[in-house]
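S.K.: Take this structure first; my questions come after.
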């Protein structure tokens, strides 16, 4: 047995060496890229740990316990902070989906947002709050949080969402997320371990003393910057999309598309319903700090031991997902979570029994840490499949709807705290010192445990409605490849390699569809060997994916698509001039269509959506083009961009040559003028797109249908390329 294990280990080491710079067959990430993303996660999460500890919330211990801001004042500041974050979220969403950088959607923001996050965090902990007074402390905390709301949230999204575009393979994303999670989890584990040790040295064991963070955070900052650079330099984004597909989508259009995504709402609802689940996050800290149930050294090991619990889920999650799927793993781990949260109640008088419960609770939580990014990535693939657009940033903007729910639910905890004596003027120098009364402490801890278990139970309910299986996601990726192939072929930019890869998928799908599904139930009833049952299950998975691929190839032959194609052809042929001629009764006509059968319902639904779009465009055209829509000259805008680039290069050269002030000022003035002209033309272009979207959509749809009709040409080309390769 030992020899076999050694051989397997050597084989894995050889794989690492062979695929260090290039990914294995069927995968998208090399081992070097996986390690860069994962090891860099240690630095990213070091910064996350630092910034998260400073964000306004109703349970923030640094703002509440250390600086001494009253719970209800914190709640009021939190409400204002959430409201001001709404427009910032929309700005971030628009930048991710529409601002183009050669580095990709997310990588550019790792450094652009990470470094300001670190700088603001440093300012936060080194501000002398005791000298500036209570009012100024509140003002400064709010200002710092305003900055963190933009920079930290952007930085967090950039790193966390980067995995969505590093690979389109769901299982690979899950595996990489698990590796990343195992490495980054060391960051909060180490931070939590050293915090009480630093507190014991500089603050008599008080972990809520600001001096603790003034010692700790500079080390985090240096580590964070170094490892964030590693992620930026050694990763590459990969999105399954046509080379010529425009990566620009209007804000409101993206908002409408995301709002239709049922899986987005299921996952969001789970988070909103589970708002009470985090109530117990402070329990171990309180039992140590106020009940003195262990020494500082023992508490350091308590946090270390609890931190190791996260490794289990990170190790096991990829295997569990591969065996049972994300939905089943989510449900089971949430049930475990509820049980161990409830078990804290009868055991809260010993920090060691609470640690045991929290240990298993953390194991369940650690599965979520791996599953959530994988699910979020799958949801975005589904969004791309449904809408035809790669939308990422707008998910965060739509999720801001939950902020209003959170604002309401976040008032629960401050109210509970106040009920149990945590308020300004309770007779203690620090309002939280009331918790040194163990009778009050244990009553409050008991309430928090009950609330947390209820929150976990509510969080579980929406997962029963999640049905985006791993097989469905694989089918979606294959469909996206087919759509990209047809679009690139129609635009004359399809490479032989991309064509061969996608056509192979189609040919294999035809073969698997011909094989048909296997009867797994019969095999189980006959008690067939496990290998045979697994092979049958794999055959059924392949059959389901193949059916989705073949259905995509025939999509324009269904009754609903044929009707839509007729409408789109009429709109496309009418040109942009047809926008003004949209009949006012077009929506009523669509609503009067029959809806007796599923196909009729689909035809009616599509007709209503198209009619609403046509009327929106007509309204926009009347506003921006009262004399009739005129074509927009895109070349003029492109020329301006080229001029701006040329002027920037000229200015850089003059600065390098240390040219005269007047010469540099002249070029700067020209740059400002070019920027003004670009802004004006971009605004005009947005008006044009808003007014003619119905025509652009119709033209795109008709072109896509025509490209699909050229499948025979692609099949001949595939045979020709393969014959040449064989020779």
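S.K.: For segment 495-553, take every pair of Cα atoms, bin their distances at 10 Å starting from 0, and report each bin as a whole percent.
M.R.: For segment 495-553, the binned pair fractions read 24, 38, 25, 11, 2 percent.
S.K.: Further question: What shape does segment 559-726 have by the C-alpha gyration tensor, where a ≥ b ≥ c are the square roots of the eigenvalues, rounded means a/c under 1.5, and otherwise prolate means a/b greater than b/c and oblate the rest?
M.R.: Judged from the Cα gyration tensor, segment 559-726 comes out oblate (a/c at least 1.5, b/c at or above a/b).
S.K.: Still on this model: Viscosity 1.306 mPa s, temperature 10 °C: what is the translational diffusion coefficient of segment 408-474 from Stokes-Einstein with a Kirkwood Rh over Cα pairs, rounded to a whole number of µm²/s?
M.R.: In µm²/s, the coefficient rounds to 107.
S.K.: Can you compute the FRET efficiency between residue 238 and residue 635 using 1/(1 + (r/R0)^6), with r the Cβ-Cβ distance and R0 = 45 Å? Round to the nearest 0.05.
M.R.: Between residue 238 and residue 635 the formula returns 0.90.
S.K.: Determine the equivalent ellipsoid of segment 134-249 by diagonalising the alpha-carbon gyration tensor, then write out the semi-axes as square roots of 5 times the eigenvalues, largest first, rounded to whole Å.
M.R.: So the equivalent ellipsoid measures 36, 21, 11 Å along its semi-axes.
S.K.: Shifting gears a bit: Could you please rank 452, 268, placing first whichever residue has the fewest other Cβ atoms within 10 Å of its Cβ?
M.R.: Ordered from fewest to most neighbouring Cβ atoms within 10 Å, 452, 268 come out as 268, 452.
S.K.: Moving on to the next point. Give me the extension gain from residue 648 to residue 315: residue separation times 0.36 nm, minus the current Cα-Cα distance, reported in nm with one decimal.
M.R.: Here the segment from residue 648 to residue 315 would lengthen by 114.9 nm.
S.K.: Calculated FRET efficiency, residue 222 and residue 308, Cβ-Cβ r, R0 35 Å, to nearest 0.05?
M.R.: 0.90
S.K.: Report, as a whole number in µm² per second, the diffusion coefficient that Stokes-Einstein gives for segment 625-724 at 25 °C and 0.890 mPa s using the Kirkwood radius over alpha carbon pairs.
M.R.: 137 µm²/s
S.K.: Order these by the 10 Å Cβ neighbour count, fewest first: 719, 530, 238.
M.R.: Final ranking by Cβ density, sparse to dense: 530, 719, 238.
S.K.: Using mean Cβ contacts within 10 Å as the protection proxy, how do 655-662, 355-362, 700-707, 25-32 order, highest first?
M.R.: 355-362, 700-707, 25-32, 655-662
S.K.: Among 158-165, 690-697, how do they line up from the highest to the lowest mean number of other beta-carbon atoms within 10 Å?
M.R.: Ranked from most to least packed, the peptides come out as 158-165, 690-697.
S.K.: Could you give me D for the chain, from Stokes-Einstein at 4 °C and 1.567 mPa s, where the hydrodynamic radius is the Kirkwood radius over C-alpha pairs? Units µm² s⁻¹, please.
M.R.: 44 µm²/s
S.K.: Given labels modelled 7 Å from the Cα in the Cβ direction, how far is it in nm from residue 429 to residue 573?
M.R.: Computed distance between label sites residue 429 and residue 573 equals 8.6 nm.
S.K.: What fraction of the Cα pairs in segment 450-565, stated in percent, has a spacing above 25 angstrom?
M.R.: That fraction is 47 percent.
S.K.: In whole Å, what are the Cα extents of segment 583-659 along the three principal axes, biggest one first?
M.R.: Result, largest extent first: 76, 33, 15 Å.
S.K.: Rounded to whole Å and ordered largest first, report the semi-axes of the equivalent ellipsoid of segment 337-389 derived from its Cα gyration tensor (root of 5λ).
M.R.: For segment 337-389, the ellipsoid semi-axes come out as 38, 9, 5 Å.
S.K.: Please compute the modelled spin-label separation between residue 262 and residue 696, points set 7 Å along Cα→Cβ, answer in nm with one decimal.
M.R.: 3.0 nm
S.K.: Now a separate question. Compute the separation of the alpha-carbon centres of segment 188-217 and segment 258-273 and state it in Å as a whole number.
M.R.: Segment 188-217 and segment 258-273 have Cα centres spaced 38 Å from each other.
S.K.: Can you list the residues of segment 481-520 with backbone N under 16 Å from a point 7 Å past the Cα of residue 716, pointing along Cα to Cβ?
M.R.: Of the residues in segment 481-520, 490 have backbone N under 16 Å from the label point off residue 716.
S.K.: Give the share of C-alpha pairs in each 10 angstrom bin for segment 97-170, from 0 to the last occupied bin, in whole percents, shortest bins first.
M.R.: 18, 38, 23, 14, 6, 1
S.K.: Let me ask another. Out of every Cα-Cα pair in segment 543-605, what percent are more than 19 Å apart?
M.R.: Tail of P(r) above 19 Å: 49 percent of Cα pairs.
S.K.: Let me ask something else about it. On full extension of the chain, what length is gained from residue 350 through residue 666, given 0.36 nm per residue of separation minus the C-alpha to C-alpha distance?
M.R.: Working it through step by step, the gained length comes to 106.4 nm.
S.K.: Report the paramagnetic label zone for residue 519: residues of segment 543-562 whose backbone N is under 19 Å from a point 7 Å from Cα along the Cα-to-Cβ axis.
M.R.: Those under the cut-off are 543-544.
S.K.: If you don't mind, there's one more thing I want to ask. Can you give the extra length, in nm with one decimal, that the chain gains between residue 532 and residue 557 once fully stretched, where that is 0.36 nm per residue apart less the Cα-Cα distance?
M.R.: Once the chain is fully extended between residue 532 and residue 557, it gains 5.3 nm.
We did not get these values from a lab; they are worked out from the coordinates using the rules stated. None of these values were measured; they are calculated from a predicted model. As a convention, Cβ positions derive from the backbone with ideal geometry for all residues, glycine included, and neighbour counts pool all protein chains shown.
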